[in-house]
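K.L.:
My questions all concern the structure below.
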Amino acid sequence: MTEQKVYDVIIVGGGPAGLTAGIMCADRKLDVLIFEGGKWGGLLSTLYPNKVIPNYPGFPDGIVAIELVRRWLKQAKESNIEMRNERVVEITEHKVVKTQEDKEYKGKVIMIAVGIRPRALGIPGEQKFSKKDKGVYYYVTHPEDFIDKRVLVVGGGDTAVDAALDLVDLAKEITIVHRKDMFRAVDENVEKMQKINKITISLNTEVDKIEGDEVVEKVVLWNNKTNETFEIPIDTVILSVGMVPNSEIFD
């Protein structure tokens with residue numbers, strides 16, 4: 001019987017953290033194995049592949065997200081890192097990694113870099129319209145989907161404000177709602193957004209539910225300061241309300 005190979009480092013997650021860690025470990029001549037259950041590159045390749053990242057070290061002029069992922073993958077392969085597109089379902093106390101394909105791998109060190117995903121609001125209509133392009137999205141992955149649409153952006157951080165600004169030249173009209181009385185995004189972008197007539201800003205406002213037959217048609221909003229509830233016609237909703245870690249299997 002062949003003895004099971006033992007890797008120096010097994011990394012669970014092939015996003016920015018996992019790929020970076022793998023490259024650094026390989027540079028130290030360690031035998032590295034990286035697992036990724038979805039797309040290599042994590043959110044950079046799944047949610048915003050075409051977004052320009054303005055502040056990544058080494059790229060003062062910015063770099064497109066998917067290009068950064070390509071460079072990481074090229075460097076990882078040139079570093080002889082073993083990369084498997086398998087989903088990890090369990091890690092035992094003896095550092096054995098089990099995957100959905102019923103395979104097992106042993107490591108001296110296991111690094112968990114499973115990343116994050118968009119936070120769901122959990123409101124009526126969200127799940128119904130969040131699949132098959134029915135009107136609910138968590139990021140502007142494909143800007144062409146929003147051409148001549150009435151867009152509602154929900155959130156007060158950089159992702160929400162960036163989404164509103166990215167769609168100004170494409171959408172018919174844009175409304176951005178935030179549950180607090182001020183945005184937490186970069187001041188410069190907030191000020192830019194406030195000067196654009198096409199963008200309607202509603203603070204102290206929350207989404208109560210998303211409605212429609214086959215696709216999104218309207219939303220019910222609630223002003224948490226005045227306790228007023230009102231409806232507005234909407235074609236698409238972008239929920240940018242933060243992220244949650246993909247750490248359930250390790251709880």
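The values are calculated or read from the model by the stated rules, or taken from the named source; none is laboratory data. As the structure is a prediction and not an experimental result, all values here were calculated from the model. Neighbour counts are summed over all protein chains in view; Cβ atoms, including those assigned to glycine, are modelled from backbone coordinates with ideal geometry. We work out accessible area using only protein heavy atoms, side chains counted, and drop any ligands, DNA or RNA first. Shrake-Rupley method; radii C 1.70, N 1.55, O 1.52, S 1.80 Å.
K.L.:
Does GLU86 count as more than 19 Å from the chain's Cα centre (by Cα), loosely packed, with under 13 Cβ neighbours inside 10 Å and free of Cβ contacts under 8 Å to residues at least 60 places away in the same chain?
P.N.:
The answer is no for GLU86.
K.L.:
If the Cβ limit is 6 Å and pairs must be 6+ apart or interchain, which residue in segment 41-70 that is of a type in the set (S, T, N, Q) pairs with which residue that is open to solvent by 50 Å² or more (accessible area, probe 1.4 Å) and outside any helix (DSSP H, G or I)?
P.N.:
If the second residue must be open to solvent by 50 Å² or more (accessible area, probe 1.4 Å) and outside any helix (DSSP H, G or I), the pairs left are SER45/LYS39; THR46/LYS39.
K.L.:
Applying the selection to segment 195-219, what residues are of a type in the set (Asp, Glu) and not in a strand (DSSP E or B)? Step through it out loud before you land on a result.
P.N.:
From segment 195-219, those of a type in the set (Asp, Glu) are 206, 208, 211, 213-214, 217; that's our starting set.
Across segment 195-219, the qualifying residues are ASP213, GLU214, GLU217.
K.L.:
Out of the residues in segment 104-137 that are in contact (Cβ under 8 Å) with a residue 24 or more places away in the chain, assigned to a loop (DSSP other than H, G, I, E, B) and touching a helix residue (DSSP H, G or I) at 6+ places or on another chain (Cβ under 9 Å), state the one that is least open to solvent (accessible area, probe 1.4 Å).
P.N.:
Result: GLY135.
K.L.:
Continuing with this model, one more query. Regarding segment 140-151, can at least one residue be identified that is open to solvent by 30 Å² or more (accessible area, probe 1.4 Å), of a type in the set (Phe, Trp, Tyr) and either under 25 Å from VAL64 (Cβ atoms) or assigned to a helix (DSSP H, G or I) (or both)? Walk me through it before giving the result.
P.N.:
Narrowing segment 140-151 to residues open to solvent by 30 Å² or more (accessible area, probe 1.4 Å): 142-145, 147-150.
Next cut, of a type in the set (Phe, Trp, Tyr) only: none.
Scanning segment 140-151, I find no residue that is open to solvent by 30 Å² or more (accessible area, probe 1.4 Å), of a type in the set (Phe, Trp, Tyr) and either under 25 Å from VAL64 (Cβ atoms) or assigned to a helix (DSSP H, G or I) (or both), so the answer is no.
K.L.:
Can you pull out the residues in segment 41-57 that are open to solvent by 50 Å² or more (accessible area, probe 1.4 Å) and not in a loop (DSSP other than H, G, I, E, B)?
P.N.:
Correct list: THR46, VAL52.
K.L.:
Please tell me if LEU68 is under 21 Å from CYS25 (Cα atoms), open to solvent by less than 80 Å² (accessible area, probe 1.4 Å) and out of contact with any His (no Cβ under 7 Å at 6 or more places or on another chain).
P.N.:
When the stated conditions are applied, LEU68 passes them.
K.L.:
Quick test for you: out of GLY22, GLY38, pick the one residue that is assigned to a loop (DSSP other than H, G, I, E, B), closer than 24 Å to PHE250 by Cβ and open to solvent by less than 50 Å² (accessible area, probe 1.4 Å). It would help to see each step written out before you state the result.
P.N.:
On the way: GLY22 fails: assigned to a loop (DSSP other than H, G, I, E, B).
Answer to the check: GLY38.
K.L.:
Now for a separate question. Can you find a residue in segment 167-178 that is modelled with pLDDT of 95 or more, outside any loop (DSSP other than H, G, I, E, B), in contact with a Gly (Cβ under 7 Å, 6 or more places away or on another chain) and open to solvent by less than 20 Å² (accessible area, probe 1.4 Å)?
P.N.:
Yes, because at least one residue in segment 167-178 is modelled with pLDDT of 95 or more, outside any loop (DSSP other than H, G, I, E, B), in contact with a Gly (Cβ under 7 Å, 6 or more places away or on another chain) and open to solvent by less than 20 Å² (accessible area, probe 1.4 Å).
K.L.:
Inspect segment 74-81 for any residue being touching a helix residue (DSSP H, G or I) at 6+ places or on another chain (Cβ under 7 Å), open to solvent by less than 50 Å² (accessible area, probe 1.4 Å), more than 23 Å from LEU239 (Cβ to Cβ) and outside any loop (DSSP other than H, G, I, E, B) and give the result as yes or no.
P.N.:
Within segment 74-81 (the criterion being touching a helix residue (DSSP H, G or I) at 6+ places or on another chain (Cβ under 7 Å), open to solvent by less than 50 Å² (accessible area, probe 1.4 Å), more than 23 Å from LEU239 (Cβ to Cβ) and outside any loop (DSSP other than H, G, I, E, B)), the answer is yes, since at least one residue qualifies.
K.L.:
Hey, does segment 90-99 have a residue that's in contact (Cβ under 8 Å) with a residue 40 or more places away in the chain, in contact with a Leu (Cβ under 7 Å, 6 or more places away or on another chain) and over 30 Å from ILE238 (Cβ atoms)?
P.N.:
no
K.L.:
Sort out which residues of segment 225-251 are more than 19 Å from PRO118 (Cβ to Cβ), open to solvent by 50 Å² or more (accessible area, probe 1.4 Å) and not in a helix (DSSP H, G or I), and write them in order of number. Explain how you work it out, then say what you get.
P.N.:
First, the residues of segment 225-251 that are more than 19 Å from PRO118 (Cβ to Cβ): 225-233, 235, 250-251.
Cutting the leftovers down to open to solvent by 50 Å² or more (accessible area, probe 1.4 Å) gives us 225-231, 233, 250-251.
Of everything in segment 225-251, those that are more than 19 Å from PRO118 (Cβ to Cβ), open to solvent by 50 Å² or more (accessible area, probe 1.4 Å) and not in a helix (DSSP H, G or I) turn out to be LYS225, THR226, ASN227, GLU228, THR229, PHE230, GLU231, PRO233, ASP251.
K.L.:
A further question follows. What number of residues within segment 58-73 are part of a loop (DSSP other than H, G, I, E, B) and closer than 18 Å to VAL12 by Cβ?
P.N.:
Of the residues in segment 58-73, 0 are part of a loop (DSSP other than H, G, I, E, B) and closer than 18 Å to VAL12 by Cβ.
K.L.:
Can you tell me which condition GLU93 does not meet? The list is (1) of a type outside the set (Lys, Arg); (2) surrounded by fewer than 16 Cβ atoms within 10 Å (Cβ to Cβ); (3) not in a loop (DSSP other than H, G, I, E, B), and all the others hold.
P.N.:
(3)
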